[in-house]
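Take a look at the structure set out below.
The values are calculated or read from the model by the stated rules, or taken from the named source; none is laboratory data. On a predicted model such as this, the values are computed, not experimentally measured, just so you know. Every residue, glycine among them, receives a Cβ derived from its backbone with ideal geometry; neighbour counts consider all protein chains shown.
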Amino acid sequence: MKILNIGSMNIDYVYAVPHFVRQGETLSSTDRQVLCGGKGLNQSIALARARLTVYHAGCVGEDGGMLVRSLAENGVDVSLIRRCAEKTGHAIIQVDAAGQNCILLYGGANLKITGAYIDEALSGFSAGDILLVQNEVNLVDHMIRKAKSAGMRVAVNPAPMNENMRLAPLDLADMLFLNEVEAEDLCGAKDPMEQLAALRARYPKAALVLTLGEQGSLYQGPGGEIFRQGAYNVPAVDTTAAGDTYIAYFLAGLAAGHDVPACLRMAAKAAAITVCRMGAAASVPRMEEVQACNLAFRSCVNDA
């Protein structure tokens with residue numbers, strides 16, 4: 001099984017702040033780092049560190065060499081990445097004293113993908129392979145339809161949520177990975193169980209994975225079965241790539257033939273390691289780290 005991730009690549013400017021900047025406020029940061037990021041890049045590196053075969057596709061500008069090198073150094077196939085005249089995407093990330101973040105995103109080259117490029121990238125994949133997409137690139141709707149027509153399985157992380165994603169053919173997705181905010185934006189419900197019910201009615205063929213931060217996560221399969229996974233009680237430093245890590249390790253569990261509860265546990269453990277570290281892609285653990293920390297974390301909600 002191969003995974004093609006047509007996703008964003010960003011240069012992240014990360015600022016440590018005592019609190020998020022308020023309207024009209026000038027605030028001094030206590031630290032600044034320039035890191036590799038973007039939901040697409042984070043997820044590809046996480047997939048590779050979880051020992052999956054992953055190809056990354058997308059666009060960077062001439063200033064994006066560090067991003068391509070980072071992917072390659074982590075074992076991601078970068079042969080499909082293209083350079084364009086637009087500046088590379090970037091993000092300005094504030095991380096507060098509690099490890100929470102807020103992000104200002106500039107799409108740049110990430111939004112220069114063409115239909116012809118998508119068709120070319122997908123031509124080397126077929127039934128049994130997985131297309132993974134997020135919403136930091138353009139033409140997501142074309143990616144989904146083209147992959148499904150090739151018999152591929154499609155996993156969608158509809159983040160960041162906007163009108164383009166609401167209009168995307170999510171009914172074609174085999175897997176949807178959402179947090180509670182994205183789920184509310186899609187279906188209008190606030191309670192997690194009500195969100196699952198509303199999403200199930202709208203997307204009956206998809207496996208739904210709903211991440212709930214400190215409350216853990218929920219899974220509902222196309223057949224209606226529901227599993228709950230508790231979060232792990234760890235001192236959060238930076239939550240930036242936690243969701244990206246979760247998705248990668250859930251997919252790694254499926255690829256290894258694990259049942260859904262085992263996939264949820266591994267994903268939650270990997271995400272818990274991630275939030276204990278600063279940065280995005282740099283904070284993602286390798287599979288051997290996840291496997292070695294059996295007793296390092298205490299579940300704060302009983303596993304289903």
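Can you tell me which residues in segment 1-37 are closer than 15 Å to VAL78 by Cα and part of a loop (DSSP other than H, G, I, E, B)?
Selection gives LYS2, GLY7, SER8, MET9.
Looking for something over 20 Å from MET143 (Cβ atoms) and touching a Gly at 6+ places or on another chain (Cβ under 8 Å) - is there at least one such residue anywhere in segment 22-35?
yes
Going by the structure shown, is THR88 crowded, with 19+ Cβ neighbours inside 10 Å and over 28 Å from ALA267 (Cβ atoms)?
Details: crowded, with 19+ Cβ neighbours inside 10 Å: yes; over 28 Å from ALA267 (Cβ atoms): yes.
Spelling it out, THR88 is indeed crowded, with 19+ Cβ neighbours inside 10 Å and over 28 Å from ALA267 (Cβ atoms).
So which of ARG82, ARG69, ARG22 is touching a strand residue (DSSP E or B) at 6+ places or on another chain (Cβ under 9 Å), among the basic types (Lys, Arg), modelled with pLDDT of 95 or more and farther than 28 Å from GLU289 by Cβ?
Values: ARG69 fails: farther than 28 Å from GLU289 by Cβ; ARG22 fails: touching a strand residue (DSSP E or B) at 6+ places or on another chain (Cβ under 9 Å).
After applying the criteria, what remains is ARG82.
Which residue out of GLY38, GLY75 is under 30 Å from ALA127 (Cβ atoms) and either buried (at least 23 other Cβ atoms within 10 Å of the Cβ) or in contact with an Asp or Glu (Cβ under 6 Å, 6 or more places away or on another chain) (or both)? First the steps, then the outcome.
On the way: GLY75 fails: either buried (at least 23 other Cβ atoms within 10 Å of the Cβ) or in contact with an Asp or Glu (Cβ under 6 Å, 6 or more places away or on another chain) (or both).
Answer to the check: GLY38.
Just to verify a result, which residue in segment 226-236, among those that are of a type outside the set (Lys, Arg) and in contact with a strand residue (DSSP E or B) (Cβ under 8 Å, 6 or more places away or on another chain), is modelled with the lowest pLDDT? Steps first, please.
We begin by selecting, within segment 226-236, every residue of a type outside the set (Lys, Arg); these are 226-227, 229-236.
Keeping just the survivors that are in contact with a strand residue (DSSP E or B) (Cβ under 8 Å, 6 or more places away or on another chain) gives 226-227, 229-233.
On the way: ILE226: 97, PHE227: 97, GLN229: 94, GLY230: 90, ALA231: 88, TYR232: 88, ASN233: 84.
Looking at residues that are of a type outside the set (Lys, Arg) and in contact with a strand residue (DSSP E or B) (Cβ under 8 Å, 6 or more places away or on another chain), I get ASN233.
Sort out which residues of segment 237-260 are outside any helix (DSSP H, G or I), farther than 25 Å from GLN94 by Cβ and not aliphatic (A, V, I, L, M), and write them in order of number.
Filtering segment 237-260 down to residues outside any helix (DSSP H, G or I) leaves 237-241, 256-259.
Pick out the ones that are also farther than 25 Å from GLN94 by Cβ and you get 256-259.
If the condition is that a residue be outside any helix (DSSP H, G or I), farther than 25 Å from GLN94 by Cβ and not aliphatic (A, V, I, L, M), then GLY257, HIS258, ASP259 are the ones that fit.
Criterion first (in contact with a strand residue (DSSP E or B) (Cβ under 7 Å, 6 or more places away or on another chain) and either farther than 28 Å from GLY124 by Cα or modelled with pLDDT of 95 or more (or both)) does ASN162 satisfy it? Can you show your working first?
Details: in contact with a strand residue (DSSP E or B) (Cβ under 7 Å, 6 or more places away or on another chain): no; either farther than 28 Å from GLY124 by Cα or modelled with pLDDT of 95 or more (or both): yes.
Taking the combined requirement at face value, the residue does not satisfy it.
List the strands (runs of 3 or more DSSP E) that sit entirely inside segment 191-236 and contain at least 3 residues that are in contact with a helix residue (DSSP H, G or I) (Cβ under 6 Å, 6 or more places away or on another chain), closer than 17 Å to PHE250 by Cβ and β-branched (Val, Ile, Thr).
none
Kindly indicate whether any position in segment 211-232 is among the charged types (D, E, K, R), touching an Asp or Glu at 6+ places or on another chain (Cβ under 8 Å) and surrounded by 14 or more Cβ atoms within 10 Å (Cβ to Cβ). Reasoning before the result, please.
As a first pass, look at segment 211-232 and keep what is among the charged types (D, E, K, R): 214, 225, 228.
The next check asks that each one be touching an Asp or Glu at 6+ places or on another chain (Cβ under 8 Å); those that pass are 228.
Pick out the ones that are also surrounded by 14 or more Cβ atoms within 10 Å (Cβ to Cβ) and you get 228.
Yes, segment 211-232 contains at least one residue that is among the charged types (D, E, K, R), touching an Asp or Glu at 6+ places or on another chain (Cβ under 8 Å) and surrounded by 14 or more Cβ atoms within 10 Å (Cβ to Cβ).
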